[in-house]
1. For an R0 of 30 angstrom, estimate the FRET efficiency from the Cβ-Cβ distance between Val63 and Arg241 and round to the nearest 0.05.
2. Counting other beta carbons within 10 Å of each Cβ, put Ile105, Ile167 in order, fewest first.
3. What length, rounded to one decimal in nm, is gained on full extension from Asp329 through to Leu50, with 0.36 nm per residue of separation minus their alpha-carbon distance?
4. Considering just Cα atoms, how many Å³ per residue does the convex hull of region 164-234 enclose?
5. Are there chymotrypsin sites (Phe, Trp or Tyr not before Pro) in region 147-241 that DSSP puts in a loop and that have at most 13 other Cβ atoms within 10 Å, and which ones?
6. What chymotrypsin sites (Phe, Trp or Tyr not before Pro) does region 249-335 have in DSSP loop regions with at most 14 other beta carbons within 10 Å?
7. Using θ = phi - 60° and the Karplus form 6.51 cos²θ - 1.76 cosθ + 1.60, what ³J(HN,Hα) does each residue of region 309-321 get, whole Hz, x for Gly and Pro?
8. Please grab the % of Cα pairs in region 247-358 that end up more than 17 Å from each other.
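Any read-out appearing in this document is the output of simple, stated calculations on the displayed coordinates, not a laboratory observation. Since we're looking at a predicted model, the values are computed, not measured. So basically every Cβ, Gly included, is an ideal-geometry build from the backbone, and we count neighbours across all protein chains shown.
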Amino acid sequence: MRRLPLLLALLCPLLAAAAPTPPQSEIRPGALWEDDHGNHINAHGGGFLLHAGRVWWFGEHKVPGEAGNTAQVGVHCYSSPADDLVNWRDEGIALRVSDDPASPIARGCIIERPKVVHNAKTGKFVMWFHLELKGRGYAAAQAGVAVADRPEGPYVFLRAGRVNPGIPAQNAPADPAKEAPIYLRDLPGGQMARDMTIFVDDDGTAYHVYASEDNRTLQIAALDDTYTRHTGRYVRLFPGRYMEAPALFKKDGKYWFIGSGCTGWAPNAARSAVADAIWGPWTELGNPARGENAEKTHFSQSTYVLPLPGKPDTLIYCGDRWTPKNAIDGRYVWLPIVWEDGKPTLPWRDAWRPADLR
Ligand code: DGJ
């Protein structure tokens, strides 16, 4: 009996460590976001998938220090009930880097901005990501693809490469050699593909949207009906505007774009645009951020626009606040999109509840 206080003193910290994170109800942009184990969520440059009553969050797993910006582990997955979006369960590593140094996804490569879509025809979950080969900086500019039978993986790497080799854009100028020689440079080997997203239209067609031609243009390319290959149809947008971080969404029958300028890991003023058809023409609408830190997009860079499950016209901007010197500490800035004069805007909120958007 005399040993009971000692036993309790020993057990209490263990019990506390094993206790699940208490339920949370608020999104606090820029704060530490705990998963169900109490760890800061590690899914940067993320993408989201609504499937089987849950929202699945895929993102870059970073490690401490500057090396954390290279892929030492792979793509991390979390999930939350579709009506929640604040409490996230750790689903583990969805795509693991390879221990084979000859693999395109060898540990130490760069895997950025993974996005997962579900293909109804094959039943597969398809992950696309921006891939840079180990030791080559950002020169490779490839798109990688992997598939899985379950949303959380494990994903099996299929292949990586540049996009649509040998095929000119649908909207190529009549005389590219005269108008823009850069349009010819990548024609034989394929289009560069860096910052990216995947957008699935209402008719089930999926599109790969990516920064190309040394980030000078954004391109939109159609995928085939398995979502694992490009079809050869693509357009070149915003020439000379140097945009990154593309996020696409649809509302009121129109296509909307939020992205950023090109300043490495440092935040800049976001961009936005609208089109009646996905192939364009696209019209720029300016910086959607509003308020004190609008010129830096509230110290964030877009990665996705998430339609509120069950209320898809209510949209959530999801961005990253990068911390390149200690990559694992990167934060998430999510803000409800507010419509002002027919344009999407991003006013700052210290804290907000997804439940209040319903
Ligand atoms: C900005 C991009 O949006 C990020 O995904 C990453 O590629 C950094 N640049 C690297 O500097």
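1. Numbers: r = 33 Å, r/R0 = 1.11.
Efficiency, rounded to the nearest 0.05: 0.35.
2. Working: Ile105 24, Ile167 17.
The order, fewest Cβ neighbours first, is Ile167, Ile105.
3. Stretched out fully, the Asp329 to Leu50 stretch lengthens by 97.8 nm.
4. Details: hull volume 6.0 nm³, N = 71.
Each residue corresponds to 85 Å³ of Cα convex hull volume.
5. Passing both the DSSP loop test and the Cβ count: no residue.
6. The qualifying sites are Trp265.
7. Couplings: x, x, 9, x, 7, 9, 10, 10, 6, 10, x, 10, 9 Hz.
8. On the way: 3309 of 6216 pairs.
When every Cα pair of region 247-358 is considered, 53 percent fall beyond 17 Å.
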